[in-house]
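So the structure is just underneath, and the comments pick up after that.
The values are calculated or read from the model by the stated rules, or taken from the named source; none is laboratory data. This one's a predicted model, so the numbers in the text were calculated from it and none came from an experiment. Ideal geometry is used to build each Cβ from the backbone, glycine not excepted, and the neighbour counts take in all protein chains shown.
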């Protein structure tokens, strides 16, 4: 008997994005996603921020299981934000691919230059 294959993060995120898109116009009484999107971008970004803080806390406390759970929550809410803002996972993947092989320091310097030194 072979061990089950490890889930592929990209595949899981794409499936989740499709589910979120399908639930986007759902009934807020029965769909957390529909309720959250219906509450508007301010509420969604608040949830992303909350989950980011909880992820950081779990990481700082070296709570491995907590870090896994909170990371999943953060990714979920980030995908909700993308759906509400009309951003596709493919757009984010393209941006990451564009940065591949570029020094993080060089990439950040280029962004700072393009913004006139503004953060």
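At-a-glance table
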quantity	calculated
For residue 108: the one exception among (1) closer than 20 Å to residue 12 by Cβ; (2) in a helix (DSSP H, G or I)	(1)
Candidates 93, 72 - the one that is at pLDDT 95 or above, in a helix (DSSP H, G or I), surrounded by fewer than 16 Cβ atoms within 10 Å (Cβ to Cβ) and under 12 Å from the mean Cα position of the chain (by Cα)	72
Residue satisfying condition, being at pLDDT below 95 and either over 22 Å from residue 85 (Cβ atoms) or assigned to a helix (DSSP H, G or I) (or both), within set 58, 29, 65	29
Subset tally (residues that are in contact with a helix residue (DSSP H, G or I) (Cβ under 6 Å, 6 or more places away or on another chain) and under 26 Å from residue 96 (Cα atoms)) for region 17-32	4
Residue identified as in a helix (DSSP H, G or I) and exposed (fewer than 13 other Cβ atoms within 10 Å of the Cβ) among 53, 80	53
